[in-house]
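To start, the structure under review is shown below, and the notes come after it.
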C-alpha cells in the first residue's frame, strides 16, 4: 500500500457488479463473529469471485463496483470485513445509504464514480481522496469522482464516527 | 423547498440543498430488541458510563422476538432493560408492539421530528410528516452520546397518484404498483413525496402502508403532507405543539412520476423480490400453506378490519394456517372491543400477540422447505422466512380472501 500525506492512494482494482448486497459482502452465517480479523477472512465471500478475492487480495487494493453497492441488511460487518482485509477505498457507481454510512463511520473512504464501467479488473488506480481524481495508470485515463464531503473527511480523519464524536467541540 | 429540505434547513438554521452534508440534532433516538444490544455494547466500549445526551429523547422498543424465544434473546432484552434503567430511558416491553407504531401512539413523533432507529422501516414515520431513518449500530451509539448525526440531504422525487382507491384495491396495491414501476432501486438515496386525491383520502393506516414500502424502493424516506386526519390521531395520542409541514409550491423535484389507479386491479409481489409485481389474475389459483396478516406495513386496526369483513362467518381453508398479528397492544384492544378477535378465532386463525412477527427470521411461524405464504408484510427475499419457501406480498384483503380459498385469490372473486 502506498499512501502519501496528501491523501493519495494507489492500488489494484477488484471489479464487482451491480446490486452487490451485504449478504454477498459478508454472509449472514458469520454474523456471530466479533473478532475483526476473523471477520476479514470472509470479506466478499458471498460474491461470485469470493474465493479468488480472499486468496489474492492485498493491502491497498481497491474495490470497484456498479450500482447500489451494499444494499440489503444494515450489518456493519460488511464494511468492517472489507477494511479488515486491507482494502483502502471502495469506488462504486452508487451506494446503498446505510452501507455508505457504515463505511464512513468505520473510517473506510468511499467514492461515487459514474464511469466505473471503464475500469477493468486488475487496473492500477491512483486516487486523490481530497479531490476525487482517479488516475487509471494501466489505461492512462483520468476520472473525476464526486469528491468526498468535508464532513466525511473529518470523520475519516478522526478514525470513524465515534472517535469524531468523542473529540469534536460543538 | 421540499419537505426534507425544510426539516433539515430548520434544524441546521441555514438553507440546505440536496447533496449537502449536514450535522442534524435529533428529536428521538430509538433502538429495538434486535440491534439494540449491539448498540449498548458499542456505547459502553466507547463512552463507558457517560449519560445519554437527553434521556427524554431516547426510547427502546421490543418489537421482534416477543416474548423471547430462547435464552440468547432473553439475555439481549435483559441488557436493554438494564441500560434503560441505569440511564432513565423509556422502554416499551414485550406487551406493547412494533416500535414506530408505539412511538406514534405515545406522542413521541410529530411533523418536523427527526427520528432514528435500528429498523429499516423507520421511514414510515413520513406518514405523519416526520423524518424517520434506519441506522446502523455505530450511528445509534454515537447519536445516544451526542444527540446529533450526519446526513446527506436527499434529492426528492414527487409521485402523484391520480384516481381514487376503490375496494378491493387498497393502499398496499398502490404501493406494489409503484414498486413495479420504480423497481427496488428506483428511489435509491432519494426522498419521495406522495400527492393526489387517492393520497388525501387515505387514513393513517393506509398512509403508513405506502410510506413504509419506500424502503423497498431503496428510498430514504417517503412523506405525505400531514392533514387533519393525522393531526387528530396525534392529538388523541398526547402529542402537543403540532405544527403542520408542507413543501413549497415552487419546490424543486428531481423527477415527477404520475400514476393513474382508476383501472388498477389488486396487485401481488411474487417471489423473491418486492418489485416482481403482477396482477393477481396472473397467479390466482396457486396453492398456499400459510397466510400472515400484520407487520409495520399492514398491522393497524383498519387493516385487521378489512380482513375481518372477509373472514366473518367463514372458515379458513383446510390445511392453511392463517396467522394474524396486530401491530400494537392498543390496536389489539380495539380489535377485541370491536369483536374482531371473535371473528378471527371462529374462522380458525391463530392470533398472535402484537409485534413484528413473521416479517423476520427467527419468529414462530417460519415456513418449511417448499411452502408458500401470502403475507401482508413488505419483503419477500429468498430464504428470509424459511429455506426454499415462497412468499407473496399482498393486501390484507387479498391475504384474507386467499386464506379462505386455500389458493391465491383476489378479494373481488369471493
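Of all beta bridges DSSP finds with both residues in chain B, what is the antiparallel percent, to the nearest 5?
On the way: 11 of 53 bridges.
Antiparallel: roughly 20 percent of the beta bridges in chain B.
If R0 is 22 Å, what FRET efficiency do you get for residue A:168 and residue A:146 from their C-beta distance, rounded to 0.05?
Details: r = 24 Å, r/R0 = 1.10.
Between residue A:168 and residue A:146 the formula returns 0.35.
Which FRET efficiency, nearest 0.05, do residue B:250 and residue B:413 yield, Cβ-Cβ r, R0 41 Å?
Values: r = 46 Å, r/R0 = 1.13.
Using R0 = 41 Å, I get an efficiency of 0.30.
Using R₀ = 51 Å, calculate the FRET efficiency as 1/(1 + (r/R₀)^6) where r is the Cβ-Cβ separation of residue B:240 and residue B:315; round to 0.05. Show your work: numbers first, answer last.
Details: r = 47 Å, r/R0 = 0.92.
It comes to 0.65.
Relative contact order of chain A: what whole-number percent is it, with Cα pairs under 8 angstrom and at least 6 residues apart?
Values: 370 pairs, mean separation 38.8, N = 170.
Rounded, it is 23 percent for chain A.
With a point put 7 Å past each Cα toward its Cβ, work out how far residue B:232 is from residue B:286 in nm, to one decimal.
A separation of 3.9 nm, rounded to one decimal place.
Where the Cα atoms of the protein assembly as shown are projected onto their three principal axes, how long is each span, largest first, in whole Å?
75, 54, 48
Nearest 500 deg cm²/dmol is fine: what mean residue ellipticity at 222 nm does chain B get from its DSSP H runs of n ≥ 4 alone, each adding -39,500 (n - 2.57), divided by its residue count? Mind showing how you got there, number by number?
Working: 14 runs with 132 residues, N = 414.
Rounded to the nearest 500, the figure is -9000 deg cm²/dmol.
Step by step: find N for chain A, compute 2.2 N^0.38 Å, then divide the Cα radius of gyration by it. What's the final number?
On the way: Rg = 15.0 Å, N = 170, 2.2 N^0.38 = 15.5 Å.
The value comes to 0.97.
Between rounded, prolate and oblate, where does region B:1-40 land on the alpha carbon gyration tensor, with a ≥ b ≥ c its root eigenvalues, rounded for a/c under 1.5, else prolate if a/b exceeds b/c?
Since a/c reaches 1.5 and a/b is larger than b/c, the shape of region B:1-40 is classed as prolate.
Residues in region B:28-68, backbone N under 12 Å from the label point at residue B:81 (7 Å along the Cα-to-beta-carbon vector): list them, ranges by number please.
The answer is B:68.
For chain B, what relative contact order do you get, as a whole percent, if you take Cα pairs closer than 8 Å and at least 6 residues apart? Display every interim value, and only then the final one.
Details: 1015 pairs, mean separation 71.1, N = 414.
Relative contact order, chain B: 17 percent.
Any idea how far the Cα center of region B:246-317 sits from the one of region B:153-231, in Å?
For region B:246-317 versus region B:153-231, the Cα centre distance is 12 Å.
With Rg and the Kirkwood Rh both taken from Cα atoms, where does Rg over Rh land for region A:34-94?
On the way: Rg = 11.0 Å, Rh = 11.9 Å.
Ratio of gyration radius to Kirkwood radius: 0.93.
Cut-off 10 angstrom, C-alpha nodes, Gaussian network model of chain A. Which of A:93, A:118, A:76 fluctuates the most?
Among A:93, A:118, A:76, the largest mean-square fluctuation in the Gaussian network model of chain A belongs to A:118.
So what is the calculated 222 nm ellipticity per residue for chain A, using -39500 (n - 2.57) for each DSSP H run with n of 4 or more, over all residues, to the nearest 500 deg cm²/dmol? Don't jump to the answer; show the numbers that get you there.
On the way: 7 runs with 49 residues, N = 170.
Helix contribution divided over all residues of chain A: -7000 deg cm²/dmol.
At 10 °C and 1.306 mPa s, grab the translational diffusion coefficient of region B:336-381 from Stokes-Einstein with a Kirkwood Rh over Cα pairs, rounded to a whole number in µm² per second. Don't jump to the answer; show the numbers that get you there.
Details: Rh = 12.7 Å.
The calculation lands on 125 µm²/s.
With a ≥ b ≥ c the root eigenvalues of the C-alpha gyration tensor of region B:304-414, is it rounded (a/c under 1.5), prolate (a/b larger than b/c) or oblate? Write down the numbers at each step before the final one.
Numbers: a/c = 1.89, a/b = 1.27, b/c = 1.49.
Judged from the Cα gyration tensor, region B:304-414 comes out oblate (a/c at least 1.5, b/c at or above a/b).
Work out, step by step, the length gained on full extension between residue B:95 and residue B:23: first 0.36 nm times the residue separation, then minus their alpha carbon distance; give nm to one decimal.
Numbers: separation 72, 0.36 × 72 = 25.92 nm, distance 3.53 nm.
Result for the pair: 22.4 nm of gain on full extension.
Where both partners of a DSSP beta bridge lie in the protein assembly as shown, what percent of those bridges are antiparallel, to the nearest 5?
35
Listed highest first by mean packing, meaning other Cβ atoms within 10 Å per residue, what order do B:374-380, A:150-156, B:12-18 come in?
Values: B:374-380: 26.4, A:150-156: 17.7, B:12-18: 13.4.
Top of the packing list down: B:374-380, A:150-156, B:12-18.
Report the Stokes-Einstein translational diffusion coefficient (µm² s⁻¹, integer) for chain B, Rh taken as the Kirkwood radius over Cα pairs, at 37 °C with viscosity 0.692 mPa s. Before the final figure, lay out each step's value.
On the way: Rh = 21.4 Å.
Rounded to a whole number, D works out at 153 µm²/s.
Of the beta bridges DSSP finds with both residues in region A:28-170, what % are antiparallel, to the nearest 5?
On the way: 9 of 17 bridges.
The answer is about 55 percent antiparallel.
Which three numbers, in whole Å and largest first, are the semi-axes of the equivalent ellipsoid of region B:1-101 derived from its Cα gyration tensor as √(5λ)?
On the way: eigenvalues 191, 54, 28 Å².
The equivalent ellipsoid of region B:1-101 has semi-axes of 31, 16, 12 Å.
Where a number appears in this text, it was derived from the coordinates with a stated rule and is not lab data. Treat the numbers as computed from the prediction; the structure is a model and nothing was measured. Glycine also receives a Cβ, built like all others from the backbone with ideal geometry; neighbour counts cover every protein chain displayed.
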